[in-house]
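**Student:** Mind looking over this structure? Questions follow.
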Amino acid sequence: WSQQNVGLAASDSLMAVTATSATNAWAVGQTGASKTLVLHWDGSTWARQPSPTPGGGGNLLAVDAVSATDAWAVGGDGSGDALILHWNGTAWRAVPNMPRFDLESVSASSGQDAWAAGIVSPVEAGTLMLHWTGTSWASVTVPDGLVAVADTSATNAWAVGAGSHNKTLVMRWNGTKWSQQASPSLGTGFNRLGAVTATSAANAWAVGDAGTGILILQWTGTSWALASTPALTGTSSLLAVAAPSASSAWAVGSTGSKVLILQWTAA
C-alpha cells in the first residue's frame, strides 16, 4: 500500500471507492462546503471530476461502476432526499425526483441492473430499496433494517442489515422478489450486518458487529454460516468487505482505537 496525493482540502472527505480496472477507479464523498466530491483514477493520477450538487448540498456515501462508461454514486442531498448520480462516460448527471431517504449503498451488475439501499434513523422509520432496470429507478418494498446491497446479476442480489430481536437480517433477490434467508447471529446481544459483497450466486460475504465484537457470515451456495474470526481485544467492528474472487476476501473496520484489516484466503 502506498499513499496517493489527491490534492484535497483538509475539510474534504472520501466515503467510498470502486474500481473496474487498473486504469478506471472512482472515489466519492463530500467537500468541506457540503458539495458532492468525485475523484477519478486513470491509471496514473487522481483528478477531481465535475459533479452536480443540489441546492441544499450533497454528500455521496457509496459508488459502484460497471465499466468506464457506466457508474453510479448515491447519498443524500442535505435536505433529507436521496441523491443518485450517474456517469455515462462523459459527465455525471443527477437523477431527478428522488424520495426522502439517504442512500448508503449501491451495486450494479450491468447497465440494465442495479440496486440502491438506505435507511433513516431510527430504524422504525423504514428502509428504502430502489431498483434500476435500464430506464428508471423504482421503489421496492423490503423489511426495515437493511442498509447494504450487493448485485451480481439480474437474478441474484443480496441485502443485509439488522432484523428484529437483535438478529442479523439477510434478504435475497431471485429476479422476481426479495425473500428473507436464514442467517446466524452471535449470542443474545445486538447483531448488525453493515456490508455485503458477492462474486456469484455461490459466493458472498457479509460483515458487521455483534455486541462488542466483529461478525462475519459466509454464503457458500446453500446456506449462510458464521466464519471463524481472530481473537481481538477491545470493542471491534467491521464496516466494509470486498471479494475479488471466490478464494479471496478483505474486510476492514476498527478494533479499540486501531484500524482493523482482515484477509481471507481459501484453504
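**Student:** Does any residue in the stretch 40-60 that is among the aromatic types (Phe, Trp, Tyr) come within less than 9 Å, Cβ to Cβ, of a residue that is part of a loop (DSSP other than H, G, I, E, B) and open to solvent by less than 50 Å² (accessible area, probe 1.4 Å) six or more places away or on a different chain, and which pairs are these?
**Tutor:** Within 9 Å, the pairs are Trp46/Val6.
**Student:** If you take the residues in the stretch 95-116 that are modelled with pLDDT of 95 or more and not hydroxyl-bearing (Ser, Thr, Tyr), which one is nearest to the chain's Cα centre (by Cα)?
**Tutor:** Within the stretch 95-116, the subset modelled with pLDDT of 95 or more is 105-116.
Applying the additional criterion that residues be not hydroxyl-bearing (Ser, Thr, Tyr) yields 106, 108, 111-116.
Numbers: Val106: 6, Ala108: 11, Gly111: 18, Gln112: 19, Asp113: 16, Ala114: 12, Trp115: 10, Ala116: 9 Å.
It comes out as Val106.
**Student:** Ok, one more. Looking at Ala117, Ala82, Ala108, Ala71, which is the one that is under 16 Å from Gly29 (Cβ atoms), in a strand (DSSP E or B) and open to solvent by less than 50 Å² (accessible area, probe 1.4 Å)? Steps first, answer last, please.
**Tutor:** Values: Ala117 fails: under 16 Å from Gly29 (Cβ atoms); Ala82 fails: under 16 Å from Gly29 (Cβ atoms); Ala108 fails: under 16 Å from Gly29 (Cβ atoms).
So the residue among Ala117, Ala82, Ala108, Ala71 that is under 16 Å from Gly29 (Cβ atoms), in a strand (DSSP E or B) and open to solvent by less than 50 Å² (accessible area, probe 1.4 Å) is Ala71.
**Student:** In this structure, does Val66 turn out to be surrounded by fewer than 22 Cβ atoms within 10 Å (Cβ to Cβ) and either within 20 Å of Gly161 (Cβ to Cβ) or within 19 Å of the chain's Cα centre (by Cα) (or both)? Before you say what the answer is, go through the steps one by one.
**Tutor:** Numbers: surrounded by fewer than 22 Cβ atoms within 10 Å (Cβ to Cβ): yes; either within 20 Å of Gly161 (Cβ to Cβ) or within 19 Å of the chain's Cα centre (by Cα) (or both): yes.
Against the criterion (surrounded by fewer than 22 Cβ atoms within 10 Å (Cβ to Cβ) and either within 20 Å of Gly161 (Cβ to Cβ) or within 19 Å of the chain's Cα centre (by Cα) (or both)), Val66 qualifies.
**Student:** Next question. Exactly one condition in (1) on the phi < 0 side of the Ramachandran plot; (2) crowded, with 16+ Cβ neighbours inside 10 Å; (3) touching a Lys or Arg at 6+ places or on another chain (Cβ under 9 Å) is false for Gly194; which is it?
**Tutor:** Among (1) on the phi < 0 side of the Ramachandran plot; (2) crowded, with 16+ Cβ neighbours inside 10 Å; (3) touching a Lys or Arg at 6+ places or on another chain (Cβ under 9 Å), the lone unmet condition for Gly194 is (3).
**Student:** Let me ask something additional. Which members of the stretch 31-56 meet the condition of being closer than 17 Å to Asp81 by Cβ and touching an Asp or Glu at 6+ places or on another chain (Cβ under 7 Å)?
**Tutor:** The first filter runs over the stretch 31-56 and keeps only residues closer than 17 Å to Asp81 by Cβ, leaving 34-36, 51-56.
Selection gives Pro54, Gly56.
**Student:** Is there a residue in the stretch 231-240 that is among the aliphatic types (A, V, I, L, M), open to solvent by 80 Å² or more (accessible area, probe 1.4 Å) and more than 21 Å from the chain's Cα centre (by Cα)?
**Tutor:** Step one: filter the stretch 231-240 for residues among the aliphatic types (A, V, I, L, M), giving 231-232, 238-240.
Okay, now just the ones that are also open to solvent by 80 Å² or more (accessible area, probe 1.4 Å), so 231, 239.
Next, only the ones that are more than 21 Å from the chain's Cα centre (by Cα) stay: 231.
The answer is yes; a qualifying residue exists.
The values are calculated or read from the model by the stated rules, or taken from the named source; none is laboratory data. Bear in mind the structure is a predicted one, so any value in this text is a computation, not a measurement. FYI the Cβ positions are ideal-geometry reconstructions off the backbone, even for glycines, and counts take in every protein chain you see. Keep in mind that these areas ignore ligands, DNA and RNA; they rest on the heavy atoms of the full protein, side chains included. Shrake-Rupley method; radii C 1.70, N 1.55, O 1.52, S 1.80 Å.
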